[in-house]
Amino acid sequence: MNNPVLATVQIPTDVASLRSSIAGDVYVPGDEGYDEARLAWNLYVDQHPSVIAMPESAIDVVKAVRFARAEGLRVAPQGTGHGATAVESLEGAMLLKTTRMRRVEIYPASRTARAEAGAEWQDVTIPAAEHGLAALAGSSPDVGVMGYTLGGGMGWLARRYGLAANSVTAVEMVTPDGRLVRADAYNEPDLLWAVRGGGGQVGIVTAIEFTLYPVREAYAGTLFFPLERASEVLHAWRDWTDTVPDEVTSVGRILQFPPIPDLPDFLRGKQFVVVEAAYLGDEFEGAELIRPLRELGPDMDTFAMIPAPALQDLHMDPPQPVPGQGDGTYLTDFTPGAIDALVATAGAGSGSPLLSVEVRHCGGAMATGGGNGAQTNTDARFMLFGVGLTPTEEMAEAVRSHVRVLLDTLAPWRAEYDYYNLREEAAGADEVLPAESYRRLREIKARYDAGEMIVTSHPVRPAR
Ligand SMILES: Cc1cc2nc3c(=O)[nH]c(=O)nc-3n(C[C@H](O)[C@H](O)[C@H](O)COP(=O)(O)OP(=O)(O)OC[C@H]3O[C@@H](n4cnc5c(N)ncnc54)[C@H](O)[C@@H]3O)c2cc1C
């Protein structure tokens, strides 16, 4: 083993028994396929687990967890690796990659879906649409249903139907002691509470069930303005958010596209302030709602009626794995002072290296429709997220430090807790979740995972 990194990775002693007992593949450092299997969607992340298991079924997950227990390994569940930046070190850990468990079932009569642990949102939104139904998917088709939902899940339907976590009706989960259990309204209520927004802290979820909603299409699109108009447009957008119904979810955003060939001409190397919005209603009402922003005179206007699954392209997320660094938080409000601070930090002439600085409008069902879970109603009115591409270490340092400046600058408006999914820097769950949620999660963690076997992005230290 010439690679100095591999030389330091602890390899389990009895890996042959795991290989022979599960249907999926198993890799240890030095194996052909190990380097490909350890890749996360976020290519900046360089993870070096002691063993990688790629289960094909819930039974494989049970066997892998029991093996990890016997070997004294921690276990890091991962679907796509979109959320891999903040995950704790995988030294001495098993990376449990669920990419081969992508089966999805849609139940039109009960308006629910069941997705296996490795399903991506596009695996759900497209078949659900055949029945006139929509899921509370995020902004990107290849984000995993699992990590997104366990960590909250704010998409284009959020102000009307809330966070995805609060639409979870059941999970099947392998607990750290190797039992396959079902948590729903009647069984294991604490586990169900913990997965509704508490991240994957208490076990490996093998399948998740959630409510679908009767949304066939939306009036949605983006207004593009020159970046120099950021202050005017963001002030106008903020005032407008006070006037719209819960059927509108929108984002005010600064975008600086790199001059790379993968992008279409109209975006490549260009800089904009944009408003993206989706209205769950008809074209006439939608156009009336958008009118005040349209009257500002955008350079480009893409608003139109679109089928619900096409919402996945509205946010223009990268369609393939990329290296990136970002971070975000909830804001109590996006006041005129906060807008000016954001424009000074990320607008024209600021020298910002960030690809995107976005502010999402919260409220609506996010504030009132919560229910029983670790991320219930939020009183934060906006959410902030900044991110940049990091193809080199030099760019990574510049992006990291500018994201820090952005969050420090907006600190006066920062809520008392963050948004779990978009907190991409390492942080304990106590720094991210509302204090009351953290306390309860900590008690549940102590009962189900006192040994802290499960590796996550925002760890809970169990109460002792
Ligand atoms: C391009 C992009 C767009 C995004 N858009 C949105 C958005 O619109 N709204 C939003 O809310 N968030 C968004 N996010 C954030 C995203 O929700 C998080 O990164 C989320 O963690 C991704 O889930 P995943 O399953 O794809 O990622 P993974 O990295 O595979 O999983 C993230 C974490 O979830 C937990 N987890 C995953 N699978 C399991 C399991 N089977 N059992 C237990 N725990 C598990 C683990 O702790 C894991 O580290 C976006 C991120 C990116 C990169």
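Laboratory data are not the source of any read-out in this text; all were calculated from the coordinates shown. Not measured: the values here are computed from a predicted model. Please note: Cβ atoms are built from the backbone with ideal geometry, for glycine as well, and neighbour counts cover all protein chains shown.
Annotations
- Low-density loop cleavage sites - chymotrypsin sites (Phe, Trp or Tyr not before Pro) in the stretch 175-222, where at most 11 other Cβ are within 10 Å (DSSP): Y186
- Rounded if a/c under 1.5, otherwise prolate or oblate - the stretch 217-422, Cα gyration tensor axes: rounded
- Relative exposure of V61, V45, V432, judged by other C-beta atoms within 10 Å (fewest first): V45, V432, V61
- For the peptides 173-180, 64-71, the ranking by packing is 64-71, 173-180, with the highest mean count of neighbouring Cβ atoms within 10 Å listed first.
- With helices as the sole contributors, the chain gives -8000 deg cm²/dmol at 222 nm; each DSSP H run of n ≥ 4 counts as -39500 (n - 2.57), and the sum is divided by every residue.
- Here the dipole of the stretch 4-97 is about 340 debye; that uses its Cα centre as origin and unit charges on the Cβ of Lys and Arg (positive) and Asp and Glu (negative).
- Normalised by the number of residues in the chain, the mean separation of alpha-carbon contacts (under 8 Å, six or more apart) gives a relative contact order of 17 percent.
- Modelled spin labels at D379 and A23, positioned 7 Å past Cα toward Cβ, are 5.0 nm from each other.
- Straight-line cross-link partners of K97 among the lysines, defined as a Cα under 19 Å from its Cα and at least 8 positions apart when in the same chain: K63.
- Order of S21, S350 - criterion: other Cβ atoms within 10 Å of each residue's Cβ, fewest first: S21, S350
- The GluC sites (Glu not before Pro) of the stretch 281-314 that DSSP puts in a loop, and whose beta carbon has at most 14 other beta carbons within 10 Å, are E295.
- Using alpha-carbon coordinates, inclination of helix 435-448 to the longest axis of the chain, degrees: 20
- Between the stretch 326-392 and the stretch 423-444, the alpha-carbon center distance in angstrom: 19
- Exposure proxy for I208, I444, I260: other Cβ atoms within 10 Å of each Cβ, ordered fewest to most, give I260, I444, I208.
- Estimated dipole of the stretch 385-464 in Debye, rounded to 20 [Cβ of Lys and Arg +1, of Asp and Glu -1, Cα centre]: 460
- Label-reachable residues, the stretch 204-225, where backbone N falls under 18 Å from a point 7 Å from Y107's Cα toward its Cβ: 206-214
- Applying the criteria of a DSSP loop state and at most 13 other Cβ atoms within 10 Å to the GluC sites (Glu not before Pro) of the stretch 349-453 yields E416.
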